[in-house]
Amino acid sequence: MTTETRIKTLSVADDTALRSLEISLGKSKITTPSKSLGADLVSPKLSFPNAGNQLNEIYKSFTSEIMNKIQTDQKYNETKNKEFGKLFNNGSNSPTITLLDFKERNTENPLIPTAKEIDTLTNFAYTFSDITPIPALPNYASKLTIDNQEEFLNYLTSAVTSIEEWNHKPIMGYIPLTVGPILNNIVDLYVEHGINAYYIDFNRKGPLSNPTALTTIKRRLGKHGLEENHFLHFVNMDYGKTNREAIYLPARDFLGFGSGLDSMGNAHRPRVFVRPTNGTTPIIVPKKFRVFDKEEYGYYRLEVESLHDTSHFPESALFSRDEILAEPVKITKEKKMGLVNLQEQTAECQHLQLVAAEEVKNSFGYFKSKPCLEEKDLKQIKLTHSR
C-alpha cells in the first residue's frame, strides 16, 4: 500500500515560486504547471490537444440522502456507478481525480459524515480516480474554528483510514482555507500518513485572496523536509471581488502558479460578484462566459453573437467562430466556447513550463509583461531574494 505521490522536480524559477514538476499517477504522468480538463466537457471522440498530459477532473456533491439511496437502492447504486464510469472514461488517456464534497442542507450547523457515509464517499473517490482525494466538507469548513477543529481532523483521519483498508494508489489530501494553526495541524496529519499531494479548496476566492494561508502551508511542508517534494492542486478559485460588468477581469488564477501552486482545477461553485451600485453587497449571479486571452492575461466578457467582432477569440481554436455560431442550441454554443477557453488555458500552462525552465531568473518579468494584471497582485508573487 502507498499514500505518497512520486514527484520529480524539473525546474524552479528564481524570482517567483513558479516551478515545473513531473507527477506520476499510476501508469500516467503529468507535467506542471497544468490545467485539469472538465470530465463533463471532454470526451474520447474529441481530439483535445495534449490531453494525455492533463488531469481529468470529476467533481460531484453528495448529501446524506444521496448516500443513503446508494446504500439501500441497488438500481440507484448502479445508475450512479454508470454516471461516474462515463465521466471516468471521458478522460481517455488522462489520469483522473474524482473530487467529492459532502453538503448537508443545514448550513448553519453542518455535520461531519458518519463512518458509513465516509466509506461511501471514499469508495467512489477511490474507484474513479488515479489518485484518491479526501472528500471535501465545504459547509463544515466554512465554520471551522480552533474550538471545533478536532472533529474535522478526526474526519480527515477516518477518511485516510477508510482508503487505506484496501489501497493501491496515492492519496490526495483536502485543505480548506482556514487559519494558520489549523492549517499546520492539517499538514502535520497528512505528512504523518505519508501524503505529499494536496488540493486546496478556495471556495470561490482568488488564489491571492489569502496569501498567508499558502505561506503557512509551504512553511509547514518545509519544516517536514517537503519543501520541493509536494504537489498542490487548487479548485473553486474565483477572480476575487470585482464588478460583474467589467470588460475584462485579471487572470489572477494564473498568478497562483507564481505563488507556488502546481495544478489548476475548475471552479465548480457559483461565482460571487459585487453589485456595481454600492460596491459591498456580494450576490450570486448566473455564470457569464469570459474568454481567456493568454497574451494579455485577461478574461474578456464575450457574448456569443459578437464572436466576429472580438479580437480576443483565438484563431487557433478547436472550433471556428462560424462553427460555434452555427450551433442551434445555446447550451451547445457555450460548451464549445468553454472548450476553446480550456484549450487556451492548457496551452498557457504548457508555456509556463518553458518559462520555469528557460526564464529562471526572469519569470516575474514574464508575468509583469501581461497588461491585464495589476501591480498590487504582481507584488504578491515577486520574491525579494533569489532562491
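So which residues in region 135-158 are open to solvent by less than 60 Å² (accessible area, probe 1.4 Å), of a type in the set (Gly, Ala, Ser) and within 20 Å of the chain's Cα centre (by Cα)? Those that are open to solvent by less than 60 Å² (accessible area, probe 1.4 Å), of a type in the set (Gly, Ala, Ser) and within 20 Å of the chain's Cα centre (by Cα): Ala136, Ala141. Listed conditions (1) assigned to a loop (DSSP other than H, G, I, E, B); (2) more than 17 Å from Tyr199 (Cα to Cα); (3) not polar (S, T, N, Q) are all met by Asp130, apart from (2).
Flag not set for Ile217, criterion: within 16 Å of the chain's Cα centre (by Cα), surrounded by 21 or more Cβ atoms within 10 Å (Cβ to Cβ), at pLDDT 95 or above and not in a loop (DSSP other than H, G, I, E, B).
Against the criterion of being aromatic (Phe, Trp, Tyr), under 29 Å from Thr16 (Cβ atoms) and crowded, with 16+ Cβ neighbours inside 10 Å, Phe364 qualifies. Restricting Leu46, Leu37 to residues that are touching a Ser or Thr at 6+ places or on another chain (Cβ under 7 Å), open to solvent by less than 60 Å² (accessible area, probe 1.4 Å) and modelled with pLDDT under 90 narrows the list to Leu37. The number of residues in region 5-21 that are within 13 Å of Glu227 (Cα to Cα) and part of a loop (DSSP other than H, G, I, E, B) comes to 1.
Looking only at residues in region 159-172 that are polar (S, T, N, Q) and at pLDDT 95 or above, the one that is surrounded by the most Cβ atoms within 10 Å (Cβ to Cβ) is Ser162. Residue count for region 304-327 under the criterion of being modelled with pLDDT under 85, outside any helix (DSSP H, G or I), more than 19 Å from Val42 (Cα to Cα) and open to solvent by 60 Å² or more (accessible area, probe 1.4 Å): the result is 2.
The condition (being at pLDDT below 95, farther than 25 Å from Pro211 by Cα, part of a helix (DSSP H, G or I) and touching a helix residue (DSSP H, G or I) at 6+ places or on another chain (Cβ under 9 Å)) is satisfied by just one residue among Phe124, Phe88: Phe88. Ile175 meets all of the listed conditions (1) of a type outside the set (D, E, K, R); (2) part of a strand (DSSP E or B); (3) under 20 Å from Ile30 (Cβ atoms); (4) open to solvent by 20 Å² or more (accessible area, probe 1.4 Å) but one, namely (4). Condition (residue is over 21 Å from Pro33 (Cβ atoms), modelled with pLDDT under 85 and open to solvent by less than 30 Å² (accessible area, probe 1.4 Å)) applied to region 375-386: is it met by at least one residue? Within region 375-386 (the criterion being over 21 Å from Pro33 (Cβ atoms), modelled with pLDDT under 85 and open to solvent by less than 30 Å² (accessible area, probe 1.4 Å)), the answer is no, since none of the residues qualifies. The residues of region 94-112 that are open to solvent by 10 Å² or more (accessible area, probe 1.4 Å) and either in contact with a Pro (Cβ under 9 Å, 6 or more places away or on another chain) or outside any loop (DSSP other than H, G, I, E, B) (or both), listed by number, are Lys103, Glu104, Pro110. Look at Glu348 and say whether it is surrounded by fewer than 16 Cβ atoms within 10 Å (Cβ to Cβ) and among the acidic types (Asp, Glu). It is false that Glu348 is surrounded by fewer than 16 Cβ atoms within 10 Å (Cβ to Cβ) and among the acidic types (Asp, Glu). Of the listed requirements (1) within 15 Å of the chain's Cα centre (by Cα); (2) aromatic (Phe, Trp, Tyr); (3) at pLDDT 80 or above, Tyr239 misses just one: (3).
The number of residues in region 61-93 that are surrounded by fewer than 17 Cβ atoms within 10 Å (Cβ to Cβ), of a type in the set (Val, Ile, Thr), without any contact (Cβ under 8 Å) to a residue 40 or more places away in the chain and within 26 Å of Tyr155 (Cα to Cα) comes to 1.
The values are calculated or read from the model by the stated rules, or taken from the named source; none is laboratory data. Quick caveat: nothing in here was measured; it's all calculated off a predicted structure. Because the Cβ atoms are built from the backbone with ideal geometry, glycine has one as well, and the counts that use them run over all protein chains shown. Note: areas computed on protein heavy atoms with side chains; ligands, DNA, RNA excluded. Shrake-Rupley method; radii C 1.70, N 1.55, O 1.52, S 1.80 Å.
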